[in-house]
1. Can you tell me which residues in the stretch 97-122 are of a type in the set (Gly, Ala, Ser) and open to solvent by less than 60 Å² (accessible area, probe 1.4 Å)?
2. Enumerate the pairs (first residue in the stretch 124-147 and surrounded by fewer than 18 Cβ atoms within 10 Å (Cβ to Cβ); second residue anywhere and hydroxyl-bearing (Ser, Thr, Tyr)) with beta-carbon separation below 6 Å, excluding pairs fewer than 6 apart on the same chain, so at least 6 apart or on different chains.
3. Test Gly102 against the criterion of being free of Cβ contacts under 8 Å to residues at least 12 places away in the same chain, away from the ligand (no atom under 16 Å from the Cβ) and touching a Leu at 6+ places or on another chain (Cβ under 9 Å), and give yes or no.
4. Does Thr155 qualify as being buried (at least 16 other Cβ atoms within 10 Å of the Cβ), closer than 28 Å to Lys58 by Cβ and among the hydroxyl-bearing types (Ser, Thr, Tyr)?
5. Quick check on this structure: which one of Val137, Val158 is closer than 20 Å to Lys82 by Cα and β-branched (Val, Ile, Thr)?
6. Taking the criterion of being modelled with pLDDT of 95 or more and closer than 22 Å to Gln70 by Cα, would at least one residue in the stretch 81-101 satisfy it?
7. Tally time: how many residues in the stretch 38-77 are within 15 Å of the ligand (Cβ to nearest atom) and over 17 Å from the mean Cα position of the chain (by Cα)?
8. Limited to the stretch 30-58, what total is found for residues that are without any contact (Cβ under 8 Å) to a residue 24 or more places away in the chain and within 16 Å of Tyr163 (Cβ to Cβ)?
Amino acid sequence: MAFELPKLTYSMDALSPVIDKLTMEFHYGKHHQAYVTNLNNLVQGTKFENASLETIIKEADGGIFNNGAQVWNHTFYFTSFKPGGGGEPSGNLAKQIKEDFGSFAELKEKFSKAAITIFGSGWAWLIKKDNGKLEIVQENNAGNPLKNGAIPILTCDVWEHAYYLGYQNRRPDYVNGFWNILDWSVIDTRY
Ligand code: MN
């Protein structure tokens, strides 16, 4: 079964001004789509032809890993947003954030710092470990915490294609805005 670009529940201009329409059209419509197309071409005739993205992330390397992980990462990223989002987590996730970081404000500051300081292209992640503890990690390029057995809760794409059309070099402004479009009703269920 071929991999597909996921449908989004919001329109290309719905996250503006945090993520503007042109950025969405390129990031989702061109970059995300290209990873899907590349992956479909690369897996043909390999043992990953009918594999899940999770299997590809755990077992593949090279181009199949890079494109497979980027498909998963972008789907996870784009489905974390809603117009007029923001606010704070609730339930068990909120409780664990308090336990591991002291407060949501502290998590926000540490996660933002991780996203802003990734050198080059990559992803900041909030992950859940085996013991239920939360941790913030930085991954370069297509890196995905599933590869190390952790459960992804939240991610921020800091490849320049994620923000450069709207923010140019101002990555911190993009990361600050990111918190205002998060859909915690979706993110809460990942913990
Ligand atoms: Mn991206």
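The values are calculated or read from the model by the stated rules, or taken from the named source; none is laboratory data. None of the values given here were measured: they were computed from a predicted structure. In this analysis, Cβ positions are derived from the backbone assuming ideal geometry, glycine residues included, and neighbour counts consider all displayed protein chains. For accessibility, only protein heavy atoms count, side chains too; no ligands or nucleic acids. Shrake-Rupley method; radii C 1.70, N 1.55, O 1.52, S 1.80 Å.
1. Within the stretch 97-122, Gly102, Ser103, Ser112, Ala114, Ala115, Gly120, Ser121, Gly122 qualify.
2. Asn141/Ser121
3. Considered against the rule, which asks whether it is free of Cβ contacts under 8 Å to residues at least 12 places away in the same chain, away from the ligand (no atom under 16 Å from the Cβ) and touching a Leu at 6+ places or on another chain (Cβ under 9 Å), Gly102 comes out as no.
4. yes
5. After applying the criteria, what remains is Val158.
6. yes
7. The number of residues fulfilling the criteria is 2.
8. 1
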